[in-house]
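Reviewing the structure listed below.
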């Protein structure tokens, strides 16, 4: 057998004990030493199951029936077991906070060594080395809440690298990171790979974000099978992504809209090396010029107005430094910025969870400061990121009715209002179902329904699409858009640049407790200064427009979004 | 955010002792104090505890809450003893010196007062030491210490994990409570007690469900890095015992012996001044 092969699936299949159908069918896949492979696919396609097979969680933590064979490092995976595999495969999980085991950075890195019973003095040496490798040597004594999301991920990586593994497996590494940190992570993975020569397997559905750096191969999965295994360039030309439920890189879609015929020789998978002929550039320019300028929306009356809102936490953290925001009736807008920039604190201040020390907040001409949390909630609805943090009743109907019943609304009024909210959210057929029978996206809709039922004038959502694949993302966002069209004002707190571009005409950018930009989403993402200050990421459309000699990247982006909505709306 | 383990970082000889030695000392000290009612020994231990506290450079105001809490507990404990068994001292010391007649069965006897003095001394000689341990032991070292004195490493690590996650759970609790209050859950005194208890479930259910998700993640993360592979594991924060660790443990061991010897010489666990 080829010595370079580190992972080899041969006619491999898997079925979870609790499920009626197999999750993986007929998988044939090899990964060689030093290779970088991206495994992409929508939720439920089996990509996480595949990852669990590689690191041994299957069958150790998730039992089931395996057919065919899987060898890792030349030996049978099942024989090696979870602990044996951990010497070859280092897994960095999606939730960089949840996988942080130790009380401090050093202890977390040391965890695997402790379990091996390595001598304490030697352990300290190895931890230092691993920390230096990933650049966290200065924060060794810090607790998890004292370091950033990007640092946590590095710590997670150091924690598996102490085992000197041959394969690094990243399970959705970008899910919980802000755009700039995600970008750095992808670059960092490349650096680590070059330094160590490991094989890297990245499980991720955000193709464009991973392709920011070169990958050797992309494997696309769909319904438990591998539907594509080959070079990223060919994948982008094949037009297979849409049917596979993965979003194409925006610049690729834009080129297609402009009628440019993509070929693998143009290297479409790696933007810095994209080859466009002058004729093709001309084609993009002509397409842009031929498009009508998107219509501006008429201004509506002011709904929420804050002036000079100032808030300092007990411990002295000055989280909001004079925030002035105006939200107009019927708007849909994004609030973006790094973790700790003040976005969440601002939403807490609006909902009354924290009381600002200075400034004023008016909703529809009424001063919010005199209202309690509960009274504000009749006007402003707040939906938390994780629906499981809100759901408290076993049945869907009761969950949605909860807020009304707490307010002492008579039962004969509760029923029609709950049913109306369920209808708006497309949950009416499920009204008598238990909440536990729903998918994540449906649970999210239940939480939105449970807020809508209070008939707020404004609804505030924290990261509504975090961790969702394209299909679920589209489902949630289209639903929010339809709500918005029905007159509900929607404010979104998000890290997702696509979301902001596609769905919210306006973006408010927070940075270090201040607002540093309040303009169109396209303008924000085409301004390198704002992008850098707020840890955002430029859209690839910016680079494409530069490449084609279009000097109005912002207008180009808007034109693309308008076209994209036409196409996807069909 | 208040932490259960109120570790206060200062530079003192007590901070420098290893956690395992401190834990062993705490247990020995408590045993010496609990095994008998030797008034002089308890008084001496109380004085020593206060001196140790000074050495640790922990200030009373750092721990005023816990101190207040435990002293309230001590008073309640004493009151209850008196209410339930006002003649307890008499039955122990075998004599009855009435100082004051109250009503019904409640009289104040010198024996009962002396007994209460002993109970109070037990608190005053152990509480400072417990607080001292809590304030001077780095939480990182705690699990390693438990394991070193013989507790299985799985249980020790469970304790360490609890410490790791308490701040997270507290944060989640606040967030959930806020969101549920917005939905009209009344947590203030406006609602009746039964109402409030019911409302707590609207916060606890989501808290438990979302914590379950976390537990799933963390247990996978731990297994992936080999937790539970071997019978033994080492600890990053373990430190070898130094001279002071050995000396302190020897002194505390001697205290236990002293207490036992006193019991043997006395023929009873109670020092009796009434004979």
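Since every read-out is calculated from the coordinates, none of them should be taken as a lab result. No experiment lies behind these values; they were computed from the predicted model shown. Cβ sites come from the backbone with ideal geometry, for glycine too, and all protein chains shown count toward neighbours.
For the pair residue A:223 and residue A:552, label points projected 7 Å from Cα toward Cβ lie 4.5 nm apart.
If you average the alpha carbon positions of segment A:100-121 and of segment A:227-260, how far apart do those two centres end up, in angstrom? Going from one Cα centre to the other spans 43 Å.
Which whole-number percent of Cα pairs in segment A:224-287 have a distance greater than 16 Å? More than 16 Å apart: 45 percent of the Cα pairs in segment A:224-287. Here is the tail figure for segment A:336-473: Cα pairs spaced more than 17 Å apart come to 62 percent of all pairs. Principal-axis analysis of the Cα atoms of chain B puts helix B:110-136 at an angle of about 30° to the longest axis. Taking R0 as 51 Å, what's the FRET efficiency between residue B:194 and residue B:264 from their Cβ-Cβ distance, rounded to 0.05? Given R0 = 51 Å and the Cβ-Cβ separation, E is 0.40. Its alpha carbons give segment A:271-373 an Rg and a Dmax of 21.3, 63 Å. Calculated over segment A:431-517, the projected area of the Cα convex hull averaged across directions stands at 6.9 nm². By the gyration tensor of its Cα atoms, with a ≥ b ≥ c the square roots of the eigenvalues, what is the shape of segment B:152-224: rounded for a/c under 1.5, prolate for a/b over b/c, or oblate? Since a/c reaches 1.5 and a/b is larger than b/c, the shape of segment B:152-224 is classed as prolate.
Treat segment A:16-59 as a sphere of radius equal to its Kirkwood radius over Cα pairs and apply Stokes-Einstein at 10 °C in a medium of 1.306 mPa s; give the translational diffusion coefficient in µm²/s, rounded to a whole number.
Values: Rh = 12.0 Å.
The diffusion coefficient I find is 132 µm²/s.
For segment A:342-368, the residues whose backbone nitrogen is under 15 Å from a point 7 Å from the Cα of residue A:518, taken along Cα to Cβ, are A:343, A:346-347, A:350, A:359-364.
Rounded to the nearest 10 degrees, what's the angle between the helix A:120-134 long axis and the longest principal axis of chain A, both from Cα atoms, 0 to 90? Between helix and principal axis, roughly 60 degrees.
Compactness of the protein assembly as shown, taken as the C-alpha radius of gyration over 2.2 N^0.38 Å, stands at 1.13.
Within segment A:302-538, antiparallel bridges make up roughly 55 percent of the DSSP beta bridges whose residues both belong there.
Let's test the formula: R0 of 35 Å, r as the Cβ-Cβ distance of residue B:246 and residue A:436. What FRET efficiency results, to the nearest 0.05?
Details: r = 56 Å, r/R0 = 1.61.
E between residue B:246 and residue A:436, to the nearest 0.05, is 0.05.
Answer rounded, prolate or oblate for segment B:1-153, using the Cα gyration tensor with square roots of eigenvalues a ≥ b ≥ c: rounded when a/c is under 1.5, else prolate when a/b is larger than b/c, else oblate.
prolate
Where only DSSP H runs of four or more residues are counted, chain A gives -11500 deg cm²/dmol as its mean residue ellipticity at 222 nm, each run worth -39500 (n - 2.57). Highest mean packing comes first when the peptides B:224-231, A:58-65 are listed by Cβ atoms within 10 Å, giving B:224-231, A:58-65.
Take the Cα coordinates of segment B:22-83, assign each an equal point scatterer, and use the Debye formula without solvent to give log10 I(q)/I(0) at q = 0.17 Å⁻¹. The computed values of log10 I(q)/I(0) come out as -0.81.
When the alpha carbon coordinates of segment A:5-247 are projected onto the principal axes, the ranges are 49, 39, 31 Å, largest first. Against the main long axis of the alpha-carbon atoms of chain B, helix B:243-266 sits at an angle near 40°.
Enter the per residue convex hull volume of segment B:4-51, computed from alpha-carbon coordinates, in Å³ rounded to the nearest integer.
Numbers: hull volume 4.7 nm³, N = 48.
So the per-residue Cα hull volume is 99 Å³.
Separation of segment B:9-57 from segment A:192-222 is 57 Å, based on Cα centroids. Looking at segment A:452-535 alone, DSSP beta bridges between its own residues are antiparallel in about 55 percent of cases.
Each principal axis of the Cα atoms in chain B has its own extent, and those three values, largest first, are 66, 57, 34 angstrom. If both residues of a DSSP beta bridge must be in the protein assembly as shown, then about 55% of such bridges are antiparallel. So which residue, out of B:133, B:69, B:142, gets the largest mean-square fluctuation from a GNM of chain B using Cα contacts under 10 Å as springs? Of B:133, B:69, B:142, the Gaussian network model singles out B:69 as fluctuating most.
Give the calculated FRET efficiency between residue B:57 and residue A:191 to the nearest 0.05, with a Förster radius of 60 Å applied to their Cβ-Cβ distance. Each step should come with its number before you reach the end.
On the way: r = 45 Å, r/R0 = 0.75.
After rounding to 0.05, the efficiency reads 0.85.
Mean sequence separation of contacting Cα pairs (under 8 Å, at least six apart), scaled by the length of segment B:152-224, corresponds to a relative contact order of 30 percent.
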